[in-house]
Structures are given as C-alpha cells and as structure tokens.
Amino acid sequence: MNKKAEYPPLFSLKGRIALVTGGAKHLGHAMAAALAAAGASLIVTSRSLQAARLAATALASRHGVPVLPLALDQTDIRSVAKAFGAAGRWQGRVDILVNNAGGGGNRRPRDFLSRAPRDAEELMQTNLAGTLHCCQEAARIMVRQGQGRIINIASIAGMVGRDRRMYQRSRMNGQAVDYAAAKAGVIGMTRDLAAVLGPQGITVNAISPGGFAREDLPRKFIRDYSARTPLGRMGREDTDLCGAVVFLAADASAYVTGHNLVVDGGFSIWQ
Ligand SMILES: NC(=O)c1ccc[n+]([C@@H]2O[C@H](COP(=O)([O-])OP(=O)(O)OC[C@H]3O[C@@H](n4cnc5c(N)ncnc54)[C@H](O)[C@@H]3O)[C@@H](O)[C@H]2O)c1
C-alpha cells in the first residue's frame, strides 16, 4: 500500500480517526498501514510506548498522515481508560477502533492436560476481557459522536476445532483451547454489542483470520497448512487483511453490523 493510492469515495477514510491496538507490528501494523493508505489519521497503541513511537514515525512518513503513538496494556483497566482518554482528546473524536491486540500468548505449554490455569486465564484476560474493555471505552466516545466503527479481530479458532496433529508433526506448541474460547467470546460479544450500539449509529463487526505465514514457522507446517487450505496458501501478513479492515471501516459497509468476516483462504470450510 503506498500513499499515492486513490480510493473511491465508498472506501475512502479521509478525515477519519482510526485507533489500532497492538498496531506496532505484524497484522496490527499492516491494518494500520491499510487504513492510513485509505486516508485515515491514526492512533497506534502498544504496551511499549517506545514501540508505538517507532511504528508511528514509520507510518507517518510512509503514508503522510498524522499518527499518535500511545501506550496501552489491555489487561489493565486504568491503562485502557488513560489511552482512550488521550485518544479522544487528540482530534476530539475516534471514528474507528480496530481491536487487534491479543494473540496466542507466551511459549509455555498449551496442550490441554498440562495447561496451567494461570496461563489460560491470562490469555483469556488479554484476548477477551481486554477486547471488551477497549470496546467499552471506544463506545463511550462514539456514542457521544453518534457514529463509529468497531472492528474486533477474532480468529477462525473461535469457529472451528483444530487438528493438533498438524502441529505435532512439526513439533510445535499448537493452539491452546483457551484461545479458542476467548476468540469465540469475541465473536459472540461482537454480535451482541452490534445490537446494543446499532441504535447509536455504531457498527460492530469482527474479522476472523485464518493462519498467517511468519518466518519463524516451520516450513513443514506452512506446507501442511497450505495443503489443507482451498486457496493453497497461508495468509500474507502485509496484504490479506487490508481489504477487509478498510471495507468494515468505510462507508462501503454502512449497513453491515454484527458480521464476522472470515479471511482464511477457505480453511474453515474444508474438512
Ligand atoms: N497471526 C495469525 O495467524 C492470526 C490468526 C488469527 C487471528 N489472529 C489475531 O490477530 C491479532 C494480531 O495477531 P498477530 O499475529 O499480529 O499477533 P502478535 O502476537 O504478533 O501481535 C499482537 C499484538 O497484541 C499486543 N498485545 C499482546 N498482549 C497485549 C496486552 N495485554 N495489551 C495490549 N497489547 C497486547 C502485542 O504486543 C502485539 O502488538 C490477534 O488478536 C490474534 O489473536 C492472528
């Protein structure tokens, strides 16, 4: 995505303010870049203010839009409230929230029988409760505005079970069941919140990505995963969520709410 891209009015985000949690790296950074390329001013958050600043500098110079870096740890309610307070004061509004922060958690054991309750609780706290807290703070701002877009990043893990043998064959840690629980919670929360906030002019949708390729994934796993994906490959981090997030943020999706947009190359439909 470069800054010269021209977006038709239905997909243009010129004049909008978008906040992306966990926007300093990986999928969050790619979605922030896509929103900036469509014309949005950005607020990027990270647990580390330093990481948020580095990302903000890169995004501002690449896309020529204003970018505010903020620290936000979504397991800490005070940190969430402080970040959204600063976000709301920056340009007086927040039009779009991309609730991206989360993920599979630390490297401790994830198989169900040896999973430490504390690790499971921590993961669900980050991915589910943290996402809920960010929705609540954003909604307080958006209700005052009478409009807004909330986009929650869930996962196909919240929709279908996963064949762990694929991970075992590549000697990988695999996915924790609590991750599936948290992401299913995000999808359910998205639907109900869409019902709550619809009358206030706010849409709430989810994006459920499938597996995205990373350099640290074993080649065998990437091959196995690709072979069981109808489109024949894993997701590409720089591009494959960009269209979905711009669509759900822009006027093109004005009448779409409570939807879970699956972006997985067909993985979840092929058993
Ligand atoms: N990568 C994939 O294949 C994939 C697939 C499906 C869904 N997802 C989801 O997409 C989102 C982004 O995934 P990613 O692979 O880029 O993840 P990642 O782990 O690389 O990044 C997630 C971001 O969340 C931040 N984060 C973690 N805990 C936090 C906390 N307590 N407070 C604030 N920020 C916190 C991290 O610092 C990071 O910036 C996540 O919600 C993840 O669950 C990813």
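Just a few scattered comments:
- Take the chain and mark each of the chymotrypsin sites (Phe, Trp or Tyr not before Pro) that is in a DSSP loop with at most 15 other Cβ atoms within 10 Å; the longest unmarked stretch, sites excluded, is 113-254.
- Under 5 Å from the amide H of ILE150 lie the amide H atoms of LEU97, THR203, VAL204, ASN205, each residue being 5 or more positions distant or on a separate chain, with H modelled from the backbone and absent for Pro and chain starts.
- Amide H partners (placed H, <5 Å) of ASN260, local residues excluded: ALA206
- Residues THR57 and ASP238, FRET efficiency given R0 of 25 Å [Cβ-Cβ distance, rounded to 0.05]: 0.85
- For the peptides 93-103, 134-144, residues were scored by their other Cβ atoms within 10 Å and the scores averaged per peptide; the highest-first order is 93-103, 134-144.
- Value of relative contact order over the chain, rounded to a whole percent, pairs C-alpha under 8 Å and six or more apart: 19
- Under 14 Å, Cβ to Cβ, from ASN152 - net charge with Lys/Arg +1 and Asp/Glu -1: +1
- Cα gyration tensor category, rounded, prolate or oblate, for the chain with a/c compared to 1.5: prolate
- For region 80-234, the spread of Cα positions along each principal axis, largest first, Å: 52, 37, 27
Bear in mind these aren't lab numbers, they're just calculated from the coordinates by the rules spelled out. These numbers come from a predicted model, not from an experiment. Here Cβ is always computed from backbone atoms with ideal geometry, including for glycine, and neighbour counts include all displayed protein chains.
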